[in-house]
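Encoded as structure tokens, the structure appears first; notes follow it.
The values are calculated or read from the model by the stated rules, or taken from the named source; none is laboratory data. Small disclaimer: the values here were computed from a predicted structure and weren't measured. Positions of Cβ are generated from backbone atoms using ideal geometry, with glycine treated the same way; all protein chains shown enter the neighbour counts. These accessible areas exclude ligands, DNA and RNA; they are computed on the full protein's heavy atoms, side chains included. Shrake-Rupley method; radii C 1.70, N 1.55, O 1.52, S 1.80 Å.
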Amino acid sequence: MDFEKNESDIKAFIKKSFEEELTGKSLALPGEYVSDAVDLDVHTKSITVFENFSDYQFEQLSNESRTASYKLTIYIVLRNKKPGELHTDMLRYATAFYKVAAENNTFAGLVDFADVSTVTFYEMAEANEAVKVAELNITLKQED
């Protein structure tokens, strides 16, 4: 598996599809997409999407084939509004991302199967009510 190409292709699909969904719902586009640890002091845009690939596991199917299963965690961080507005936005952005993943569970053929396994909402981050976070955990599977 070419990890760099795989992650790059998936990130490009996510950005394009998520932004199309947001535009259709008249929601503002994220100010940045970050493939790194969530750092709220460094990344201060009103809307930031963090992408984290992890937990790659491989299973040999035959001498010529094997499957890869791994996790993609998306954090949608919202700030710079009143807490009540941020709560509503957090739910709307999580719904938009969930819809992207659920309606195209192969990520346009990049994976064999993508499943949103959990969604968690954080009403504050770093003890700050003016920062809301939606965390979506996605299991991805594909033949390697």
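Taking 20 Å as the cut-off for C-alpha to C-alpha distance, list the pairs among K15/K71; K45/K132; K82/K132; K45/K71 that go past it. Can you show the working numbers first?
On the way: K15/K71 17 Å; K45/K132 13 Å; K82/K132 10 Å; K45/K71 25 Å.
Cα-Cα > 20 Å for K45/K71; rest within.
How fast does the range 13-73 diffuse by Stokes-Einstein, in µm²/s, taking the Kirkwood radius from C-alpha pairs at 37 °C and 0.692 mPa s? Intermediate results must be reported in sequence, preceding the final value.
On the way: Rh = 14.1 Å.
For the chosen part, D equals 232 µm²/s.
Based on the inverse mean of 1/r over its pairs of different Cα atoms, what is the Kirkwood hydrodynamic radius of the chain, in Å?
Working: mean 1/r = 0.0631 Å⁻¹.
Taking every pair of different Cα atoms in the chain, averaging 1/r and inverting gives 15.8 Å.
Restricting to Cα atoms and excluding each atom paired with itself, what does the Kirkwood estimate give for the range 59-144 in Å?
14.3
May I ask for the net charge around D41, where only other residues with Cβ less than 15 Å from the Cβ of D41 are counted and Lys, Arg are +1 while Asp, Glu are -1?
On the way: positive: K45, R79; negative: E32, D36, D39, E126.
Computed value for this residue: -2.
Sort S8, S65, S26 by accessible area with a 1.4 Å probe, largest first. All intermediate terms of the calculation are to be shown ahead of the outcome.
Details: S8 60, S65 20, S26 105 Å².
Reading off the accessible areas and sorting them downward yields S26, S8, S65.
Under 5 Å between amide H atoms, partner at least 5 residues away or on a different chain: which partners does V131 have, H built in plane at 1.01 Å?
So V131 has HN proximity to A125.
With a 1.4 Å probe and every protein chain left in place, work out the accessible area per residue of the chain in Å², rounded to a whole number.
Values: 7840 Å² over 144 residues.
That works out to 54 Å² per residue.
Between beta-carbons, use under 14 Å as the cut-off and find the net charge around L61, counting Lys and Arg +1, Asp and Glu -1. Don't skip to the answer; put the middle values down first.
On the way: positive: R66, K141; negative: E59, E64, D112, E143, D144.
Local net charge: -3.
Please identify every one of the GluC sites (Glu not before Pro) in the range 1-92 that sits in a loop by DSSP and has no more than 13 other beta carbons within 10 Å of its own beta carbon.
E64
Just grab the label-to-label distance for T88 and E64, each label 7 Å out from Cα along the Cβ direction, in nm (one decimal).
So the two model labels end up 5.7 nm from each other.
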